[in-house]
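Okay, structure first, notes after.
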Amino acid sequence: MDSQFYDKVAKKFGSYHTDSSYISEYPEKDPEKVFKEKLLSLSDKNKNALDLGCADGRFTLSLAPHFKEIIAIDISEGMLSAAEKFQKKSKITNVFLKKVDADATGFADESFDVVWSRRGPTPYKEIYRLLKKGGNYIEIDIGEKDCQGIKEVFGKGQNYGDWKKESYLTKIKNEAQNVGFEAFYMKDFIYSEYYASYNDLDLFLQGVPIFEDFDSKKDKKLLETYERKFKKDKGILLERHRIVSIFGKIN
Ligand SMILES: C[S@@+](CC[C@H](N)C(=O)[O-])C[C@H]1O[C@@H](n2cnc3c(N)ncnc32)[C@H](O)[C@@H]1O
């Protein structure tokens with residue numbers, strides 16, 4: 001994916017966030033909380049970290065007090081300038097925002113103690129090269145079943161139809177192990193979001209790449225069909241899927 005979509009979102013909303021109203025229900029735990037807890041357990045004030053695909057940088061900045069230094073990279077200039085604004089407000093000085101492609105960062109071998117990707121790019125070979133021996137890589141990914149129902153109604157969408165193929169967890173495990181990583185933790189999280197109204201779901205879809213070309217007017221009929229099918233007492237249901245993984249560089 002190029003940076004066009006994220007530049008558009010940053011321009012429209014000033015961040016990687018819309019104010020759509022929804023509630024989440026987790027049969028187990030909130031995967032974002034699990035990811036952050038596990039990332040914090042890997043943090044240390046003596047460690048250098050790398051954030052792959054930092055977007056508006058708010059998550060990165062929340063981690064700053066726990067690391068010596070964080071390099072946060074992204075290819076979207078729009079997102080990076082949103083991140084600069086958040087950083088200025090925060091007065092945090094140990095986060096360094098850079099326009100760098102995660103696939104070929106140009107950083108020296110074994111530069112980082114911890115690397116993370118929070119729904120960002122996951123170039124395993126490059127990550128392995130960049131980690132110090134004994135270092136850790138942690139990611140939270142979108143799973144193959146994420147938003148399956150709405151993609152089926154629209155007949156398209158990000159990674160459409162992948163729910164019929166192999167599990168992403170297995171794919172991630174194989175790809176990471178192939179470059180030398182050892183898998184320490186991997187888990188699927190399936191949960192539900194309920195959007196308060198049609199307008200809230202519409203707004204949400206404008207700010208995420210589920211349908212990169214989502215258009216409130218052109219897609220109205222499809223979204224109304226989805227609303228009819230998935231309207232519950234708690235709101236309009238959206239099925240979510242995340243995968244949290246931790247890998248180690250042993251040798
Ligand atoms: C879903 S957003 C990540 C959200 C962010 N990590 C957070 O915690 O809020 C994905 C981000 O990855 C960036 N991205 C995609 N491919 C990239 C690449 N090859 N190198 C660097 N950044 C990339 C996009 O520009 C976008 O800002």
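The values are calculated or read from the model by the stated rules, or taken from the named source; none is laboratory data. Computed from a predicted model, the values in this text were never measured in an experiment. All Cβ positions, glycine included, derive from the backbone under ideal geometry; neighbour counts span all protein chains shown. The area values use the complete protein model at the heavy-atom level, side chains included, leaving out ligands, DNA and RNA. Shrake-Rupley method; radii C 1.70, N 1.55, O 1.52, S 1.80 Å.
Residue by residue, here is whether (1) modelled with pLDDT of 95 or more; (2) more than 13 Å from the ligand (Cβ to nearest atom); (3) assigned to a helix (DSSP H, G or I); (4) open to solvent by less than 10 Å² (accessible area, probe 1.4 Å) holds:
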position: LEU61; (1), (2), (3), (4): yes, no, yes, no
position: ALA64; (1), (2), (3), (4): yes, yes, yes, yes
position: ILE71; (1), (2), (3), (4): yes, no, no, no
position: ALA83; (1), (2), (3), (4): yes, no, yes, yes
position: LYS89; (1), (2), (3), (4): yes, yes, yes, no
position: ILE92; (1), (2), (3), (4): yes, yes, no, no
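Residues being in contact with a Gly (Cβ under 8 Å, 6 or more places away or on another chain), outside any loop (DSSP other than H, G, I, E, B) and either within 8 Å of the ligand (Cβ to nearest atom) or open to solvent by 20 Å² or more (accessible area, probe 1.4 Å) (or both): count how many of those fall in segment 95-135. The number of residues fulfilling the criteria is 6.
In segment 8-21, the qualifying residues are those that are open to solvent by less than 50 Å² (accessible area, probe 1.4 Å) and either near the ligand (Cβ under 8 Å from one of its atoms) or modelled with pLDDT of 90 or more (or both), and the one that is nearest to GLY78 (Cα to Cα) is ALA10.
To keep it simple, each residue is scored yes or no on (1) under 22 Å from SER20 (Cα atoms); (2) without any contact (Cβ under 8 Å) to a residue 24 or more places away in the chain; (3) away from the ligand (no atom under 16 Å from the Cβ); (4) open to solvent by 80 Å² or more (accessible area, probe 1.4 Å).
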position: GLN148; (1), (2), (3), (4): yes, no, yes, no
position: ASN159; (1), (2), (3), (4): no, yes, no, yes
position: ASP162; (1), (2), (3), (4): no, yes, yes, no
position: ASP219; (1), (2), (3), (4): yes, no, yes, no
position: ARG228; (1), (2), (3), (4): yes, yes, yes, yes
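Checked against the criterion of being under 30 Å from LYS132 (Cβ atoms) and among the basic types (Lys, Arg), the candidates LYS45, LYS11 yield just one match: LYS45. For segment 157-174, a tally of residues being at negative phi and not in a helix (DSSP H, G or I) returns 5. Of all residues in segment 208-217, none satisfies the criterion of being surrounded by 13 or more Cβ atoms within 10 Å (Cβ to Cβ) and either more than 24 Å from SER3 (Cα to Cα) or small (Gly, Ala, Ser) (or both). There is at least one residue in segment 177-194 that is under 30 Å from GLY135 (Cβ atoms), without any contact (Cβ under 8 Å) to a residue 24 or more places away in the chain and not in a strand (DSSP E or B). Residue pairs whose Cβ atoms lie under 6 Å apart, sitting 6 or more positions apart in sequence or on different chains, and linking a residue in segment 83-101 that is among the basic types (Lys, Arg) to a partner that is more than 15 Å from the ligand (Cβ to nearest atom) and open to solvent by less than 80 Å² (accessible area, probe 1.4 Å), do not occur here.
When the test is whether a residue is of a type in the set (D, E, K, R) and under 25 Å from GLU239 (Cα atoms), LYS45 does not pass it. Report, by residue number, each residue of segment 83-138 that is touching an Asp or Glu at 6+ places or on another chain (Cβ under 7 Å), among the polar types (S, T, N, Q) and farther than 24 Å from ILE250 by Cα. Listed by number, the list holds a single entry, ASN94. When restricted to residues that are open to solvent by 60 Å² or more (accessible area, probe 1.4 Å), among the hydroxyl-bearing types (Ser, Thr, Tyr) and either farther than 20 Å from LYS249 by Cα or in contact (Cβ under 8 Å) with a residue 24 or more places away in the chain (or both), segment 22-59 contains 2. With respect to the stated conditions, ALA49 fails to be of a type in the set (A, V, I, L, M, F, W, C), within 10 Å of the ligand (Cβ to nearest atom) and either touching an Asp or Glu at 6+ places or on another chain (Cβ under 9 Å) or at positive phi (or both).
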